[in-house]
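**Q** Shown below is the structure under consideration.
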Amino acid sequence: MRPDPKPRQDADAFEHPSKRVNILFRTALLSWIVTTFTLGIFILSIVPYQKSILIDRMNSTARVVTASLDQVAVKSIVIENYAAIIEHCQKVVAEQPTILYLVITRNDGFSLVNRASGWERSELDASWRPSDLKTARGDFRQSDLMDEEVFHYSHPLRYSGIDWGWIHIGFSLEQYTTDL
């Protein structure tokens with residue numbers, strides 16, 4: 001009869017404590033990497049969506065403002081009595097702190113520039129009378145009126161099928177940046 005062989009001690013049953021810490025460290029590191037990667041993908045996908053929502057909100061506000069200005073501006077331009085449109089623009093700029101300027105520009109360059117600090121009559125260059133633009137449009141640009149970047153919305157001013165000029169609105173990007 002053979003003697004019973006010595007029972008083998010399983011190497012895994014008696015792990016060294018440093019091996020356990022090493023496994024714990026690797027597991028935590030892997031969890032951290034997966035979490036960071038998942039958050040990164042989420043952020044990269046949600047930021048463009050948020051930008052488009054914020055831009056749509058500014059465009060929507062601009063459409064509401066231009067709708068209120070449209071009828072007053074056309075009547076003022078046709079009869080060349082600008083008191084009503086200046087008063088209306090000054091009221092809108094005073095009540096809406098996100099609106100930096102409202103500019104009504106005729107096709108000949110005559111412009112009424114309205115800011116919170118007041119209004120002025122000006123002859124603006126051709127960039128304020130875009131001949132290639134037939135529909136309303138908003139974009140980000142450096143404003144020469146405010147010396148800062150704004151969301152600039154341009155809306156054609158039409159009456160009885162005649163293009164009379166443009167309504168321009170400059171929005172501050174402070175709220176946009178904060179929301180983003």
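**Q** Counting only helical runs of four or more DSSP H residues, what would the 222 nm mean residue ellipticity of the chain come to if each run contributes -39,500 (n - 2.57) and the total is spread over all its residues?
**A** That comes out to -16500 deg cm²/dmol.
**Q** Now, a different point. With the chain treated as a Gaussian network of Cα nodes joined by springs under 10 Å, which of 125, 147, 139 yields the largest mean-square fluctuation?
**A** In the Gaussian network model the winner is 147.
**Q** Based on DSSP loop calls and a cut-off of at most 14 other Cβ atoms within 10 Å, the longest stretch of the chain free of exposed trypsin sites (Lys or Arg not before Pro) is what?
**A** Formally, the longest exposed-site-free interval is 9-133.
**Q** Looking at the chain, how many pairs of lysines come closer than 28 Å at the Cα, when each pair is eight or more places apart or spans two chains?
**A** For the chain, qualifying lysine pairs total 5.
**Q** Next question, about the same structure. Could you state the angle between the C-alpha long axis of helix 83-95 and the longest principal axis of the C-alpha atoms of the chain, as a value from 0 to 90 degrees rounded to the nearest 10?
**A** Computed tilt is about 20 degrees.
**Q** Still on this structure: Would you kindly find the accessible area of residue 108, with a 1.4 Å probe and non-protein molecules such as ligands, DNA and RNA excluded, rounding to the nearest 10 Å²?
**A** 90
**Q** Relative to the first principal axis of the alpha-carbon coordinates of the chain, what is the inclination of helix 17-79, with its axis defined by its Cα atoms, in degrees from 0 to 90 and to the nearest 10?
**A** So the inclination is approximately 10 degrees.
**Q** Residue by residue through the range 102-118, which ³J(HN,Hα) values in whole Hz follow from phi under the Karplus form 6.51 cos²θ - 1.76 cosθ + 1.60 (θ = phi - 60°), with glycine and proline marked x?
**A** 10, 10, 9, 10, 7, 4, 8, x, 4, 9, 10, 9, 10, 10, 4, 7, x
**Q** How high is the relative contact order of the chain? Use alpha-carbon pairs under 8 Å, at least six apart in sequence, and give a whole percent.
**A** Across the chain, relative contact order equals 19 percent.
**Q** What whole number of Å gives the distance from the Cα centroid of the range 114-180 to the Cα centroid of the range 50-85?
**A** Rounded to whole Å, the Cα centres lie 10 Å apart.
**Q** Quick one: longest stretch of the chain between exposed loop GluC sites (Glu not before Pro), exposed meaning at most 12 other C-beta atoms within 10 Å and loop per DSSP?
**A** Between exposed loop sites, the widest span is 81-180.
The values are calculated or read from the model by the stated rules, or taken from the named source; none is laboratory data. Just so it is clear, the structure is predicted and the values come from calculations on it, not from any experiment. Heads up, the Cβs are rebuilt from the backbone with ideal geometry, glycines too, and the neighbour counts pull from every protein chain shown. With ligands, DNA and RNA removed, areas are computed over all heavy atoms of the protein, side chains included. Shrake-Rupley method; radii C 1.70, N 1.55, O 1.52, S 1.80 Å.
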